[in-house]
């Protein structure tokens, strides 16, 4: 978030201040989808770290590669929501944990 005084200074110099959604021209649905992907990615990283697993160890557990785990945690668009959710389940997440991550109540899963 940018403070109001700084925003006014930037706008006075000809800059436009807005959100990433505005800049990218995302619809409300597209923005919600990006947010969902990022919340699940954050939950995956948090849960992996909470269990003191490396990306390599998680990759072995889900029969994937370290680079794929890195992409999952970065919210890469090439990673399916299905793989994110299956990976969270592989770490022991419950349906409730996923709901909390999706709702933003907590970016962590138990």
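Annotations
- Restricting attention to region 26-66, the residues that are under 14 Å from residue 84 (Cα atoms) and either touching a strand residue (DSSP E or B) at 6+ places or on another chain (Cβ under 7 Å) or exposed (fewer than 13 other Cβ atoms within 10 Å of the Cβ) (or both) add up to 1.
- Any chance residue 104 is on the phi > 0 side of the Ramachandran plot, within 17 Å of the chain's Cα centre (by Cα) and either surrounded by fewer than 17 Cβ atoms within 10 Å (Cβ to Cβ) or at pLDDT 95 or above (or both): yes
- Residue 86 under 23 Å from residue 32 (Cα atoms), modelled with pLDDT of 95 or more and surrounded by fewer than 17 Cβ atoms within 10 Å (Cβ to Cβ): yes
The values are calculated or read from the model by the stated rules, or taken from the named source; none is laboratory data. Given the structure is predicted, the values throughout are model-derived calculations rather than measurements. Because the Cβ atoms are built from the backbone with ideal geometry, glycine has one as well, and the counts that use them run over all protein chains shown.
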